[in-house]
Structures are given as structure tokens and as C-alpha cells.
Amino acid sequence: MKILVTGSSGLIGSEVVSYFAALDHTLMGIDNNMRADFFGPGGDTRWNQQRLLKQFGNFSHFEIDIRNRDSVLQFIEKHKPEVIVHTAAQPSHDLAASRPFDDFDVNALGTLNLLEACRRFTPESPFIHLSTNKVYGDAPNNIKLRELESRWDYDDPMYKDGISENFTIDQSKHSLFGASKVSGDIMVQEYGRYFGMYTACLRGGCLTGPNHSGVELHGFLSYLIRTNLEGKTYKVFGYKGKQVRDNIHSYDVATFIDHFIKNPRSGEVYNIGGGKENSISILEAFDLISSISGKEMKYEYIDQHRSGDHICYYSDLSKIKQHFPEWNITRNLHTVFEEITENWYKRMEPNAK
């Protein structure tokens, strides 16, 4: 099977490449390292690109900007991938405010370019889009909450298992990033419903794993762990550091994509995250990484939350498990932390330990 992965040098993209390349499929990756442009040297993903090329002979890299419509159309027409996994994105809602055109052009127009190319030249190919829980904006903050010692949690039985796909995306503050991702998300759904294509939007919680180039503006766990290992100071923005996220390992995202490819559906939406069992607050994350690294977490508290930020968010996985009962989370939080820690040590100086 011939699989195209956009954003192939990023966290999810590289995991998808690794997963399917190991199964002897032909992998094509599109990535122009825009992450380095967005986030500077700390966001550079060339190291990951080189790792994939060295490790997998059945992987080819293509330096294409998904904003370039003609290049995308020509590529899809020439190579006719049997599956498209679209992970390329501008991923930071903080950065989007300072670069709104770049944000929208990548997240919305880039997605449209790929969808239309798929419709014209490979309409039977499943199209899996990595969306985000930010499509819900800050509406989850309207849910009644209770404050516990180290975290916030829902105080409404309707949300005991988390946020489902039926949750509103309307009348809330999304950040410009969230708005551009909504645009792409809705378009992916529409191509599925209107044209009958096999499409899925995966609204991720915190997608994480060892191959993340985490920076302060994006990559919560990766950046937090790196900050601890380097003995630097982590900035906590509001909510007493008790804000909660659910975390899913990139491998578990890749396995779900495999399940969807084998049994594709049209115009579907899935909340994909670690669920309540893999949820953690910032304060709890400090304790966990300190227990693994043996290093005290240094942090500075800023009594101003990020605009549009969630106080508490974890995914209700009921729908995804109903449609794909054989899929499940395989990596718990402790395993995720250990893998990220070990990978950062490998990327840091030999004497960093």
C-alpha cells in the first residue's frame, strides 16, 4: 500500500511513517520543516527526517509546501497515494495571533488543497486528518468544575467520561489557531459527506511521544520534561497549575489510523486522547517527572492563563471504541514519561545526565 503522510517529520507524522514502514508499506512524506520557521531552532525537525530516511528504505521525503496548490495537485496526480494521513499544521494558538495568515494558510487552505487533490485523483483513498480539541474553543470551561488538591475535574455527571464528539464548537473563544483548525475540520467532514469520500477528523487531546520537538508554545509534556532535565524554569500560566490534559502516545494514534484504514467511514469525527485514565495536571506532571529524573522541578507561576486555554479537558473515548472495539490505549502515562525522558537524554549532550 502506498501511503502519503504530510508533516512526516513531526511527532505524529513520523510515528505514522515508522509504524507503516515497519509493515513494509511504501511511505511518502511531505514536510518542509515549517516548524523551525514557526518556533526557531528548538522546533527544527530535520533530525527526525534524517532518522526516518536512514532507518527505512521504503520511505521517501518530498520537500513540498502544502500551501502551494499546484505542487500539491501535481504530486497527488503523479503518485496517487492509496491513503493520505494529514498531520501537517501550524500547531500553536499563541503563535497564530502573531502570524494569522500563515496559520490559516497552513491549517485551512493547506487542508483544502490536499482534499481537492484527493477528490480529483484518488477519491477512494481514505483521508485521515489530525484535527484538535481546540475546535471546541473554551466552551469546556463552562462545565461545572470541582477543585481538588492537585487538579481540576468535572463536577457534572454528564461529563464523567470526558468530552464527546457531540460537544458544541460554537459560541466560544477558539484562538485563531482553533478557528483555522475548525475550518479544516469542517472541510474534511464535508468532503466525506458531500462527495462520499472516506474521511476522518481526529480531534486530539495532548498528542505526545518521544520524537516530539517540544517548545514552550507547543508540546506540553515534551517541553515540560526537557525543562526538568535541563534544570531550567517552567512557566505555569494560570489556573493554579491544576489545569488537566489527557495524553495519548503517538504510537496509539498510529494504531488507530491503521484500524480506520482497514474499515474506513465517511465524514467521521473522533475525539482521540488518553481519556480520563491518561489525564494529568501540570502539578501532577511535575511530581511524575521528578520521580523519574530525580530532579526537582523548577517553575514560575504567572497568574494569567493563556487566552482560550482549557481548565480541564479529557476525551470521552466511547464513540471511538464503539466503532473500533479492537483498538485501545497501550501506553500509560508513566511509560510515556519514561520514553520522552530517555529520548531527550539521547538528544542532549552526553554529560547531561
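Within segment 277-295, can one find any residue that is out of contact with any Asp or Glu (no Cβ under 8 Å at 6 or more places or on another chain) and within 19 Å of Ser131 (Cα to Cα)? Taking every residue of segment 277-295 in turn, none turns out to be out of contact with any Asp or Glu (no Cβ under 8 Å at 6 or more places or on another chain) and within 19 Å of Ser131 (Cα to Cα).
Give just the number: which of (1) in contact (Cβ under 8 Å) with a residue 24 or more places away in the chain; (2) out of contact with any Lys or Arg (no Cβ under 9 Å at 6 or more places or on another chain); (3) of a type outside the set (Val, Ile, Thr) does Asn107 not satisfy? Going through (1) in contact (Cβ under 8 Å) with a residue 24 or more places away in the chain; (2) out of contact with any Lys or Arg (no Cβ under 9 Å at 6 or more places or on another chain); (3) of a type outside the set (Val, Ile, Thr) one by one, Asn107 breaks only (2).
Just to be sure I understand, how many residues within segment 297-337 are acidic (Asp, Glu) and either buried (at least 16 other Cβ atoms within 10 Å of the Cβ) or in contact with a helix residue (DSSP H, G or I) (Cβ under 6 Å, 6 or more places away or on another chain) (or both)?
2
Checking each residue in segment 249-272 for being hydroxyl-bearing (Ser, Thr, Tyr) and touching a Leu at 6+ places or on another chain (Cβ under 8 Å) picks out Ser250, Tyr270.
For (1) within 12 Å of the chain's Cα centre (by Cα); (2) closer than 24 Å to Pro140 by Cα; (3) of a type in the set (S, T, N, Q), each residue gets a yes or a no:
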position	(1), (2), (3)
Gly238	no, yes, no
Gly241	no, yes, no
Arg245	no, yes, no
Ile248	yes, yes, no
Ala254	yes, no, no
Lys262	no, no, no
Arg265	no, no, no
Val269	no, yes, no
Gly273	yes, yes, no
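Can you find, within segment 107-153, the residue that is surrounded by the most Cβ atoms within 10 Å (Cβ to Cβ) among those that are over 18 Å from Ile76 (Cα atoms), under 23 Å from the mean Cα position of the chain (by Cα) and of a type in the set (Ser, Thr, Tyr)? Step by step, filter segment 107-153, then rank; the result is Ser131.
On the basis of being of a type outside the set (D, E, K, R), modelled with pLDDT of 95 or more, over 30 Å from Gln304 (Cα atoms) and in contact with a Pro (Cβ under 6 Å, 6 or more places away or on another chain), does Val72 make the cut? Against the criterion (of a type outside the set (D, E, K, R), modelled with pLDDT of 95 or more, over 30 Å from Gln304 (Cα atoms) and in contact with a Pro (Cβ under 6 Å, 6 or more places away or on another chain)), Val72 does not qualify. Figure legend. Inter-residue proximity from segment 24-50: first residues free of Cβ contacts under 8 Å to residues at least 12 places away in the same chain, second residues among the β-branched types (Val, Ile, Thr), beta-carbon distance below 9 Å, spacing 6+ or different chains. Indicated pairs: Ala36/Thr45. Those strands (runs of 3 or more DSSP E) of segment 167-271 in which at least 3 residues are of a type outside the set (S, T, N, Q), in contact (Cβ under 8 Å) with a residue 60 or more places away in the chain and surrounded by fewer than 21 Cβ atoms within 10 Å (Cβ to Cβ), considering only elements entirely within it, cover 233-237. Looking across segment 97-134 at every residue that is among the small types (Gly, Ala, Ser) and touching a Leu at 6+ places or on another chain (Cβ under 9 Å), the one that is nearest to Tyr270 (Cα to Cα) is identified as Ser131. Could you check, for segment 280-298, whether at least one of its residues is of a type outside the set (D, E, K, R) and either closer than 30 Å to Glu124 by Cβ or in contact with a Pro (Cβ under 6 Å, 6 or more places away or on another chain) (or both)? Among the residues of segment 280-298, not one is of a type outside the set (D, E, K, R) and either closer than 30 Å to Glu124 by Cβ or in contact with a Pro (Cβ under 6 Å, 6 or more places away or on another chain) (or both), which makes the answer no. Would you confirm whether any residue within segment 280-294 is surrounded by fewer than 16 Cβ atoms within 10 Å (Cβ to Cβ), more than 22 Å from the chain's Cα centre (by Cα) and outside any helix (DSSP H, G or I)? Yes. Quick one: is Phe220 of a type in the set (Phe, Trp, Tyr) and out of contact with any His (no Cβ under 6 Å at 6 or more places or on another chain)? Criteria met by Phe220. Quick one: is Ser98 within 20 Å of Asp309 (Cβ to Cβ) and buried (at least 16 other Cβ atoms within 10 Å of the Cβ)? The answer is no for Ser98. In segment 1-45, of all residues being at pLDDT 95 or above and surrounded by fewer than 16 Cβ atoms within 10 Å (Cβ to Cβ), the one that is nearest to Ala88 (Cα to Cα) corresponds to Lys2.
The values are calculated or read from the model by the stated rules, or taken from the named source; none is laboratory data. Model, not experiment: these values are computed from the prediction. Neighbour counts are summed over all protein chains in view; Cβ atoms, including those assigned to glycine, are modelled from backbone coordinates with ideal geometry.
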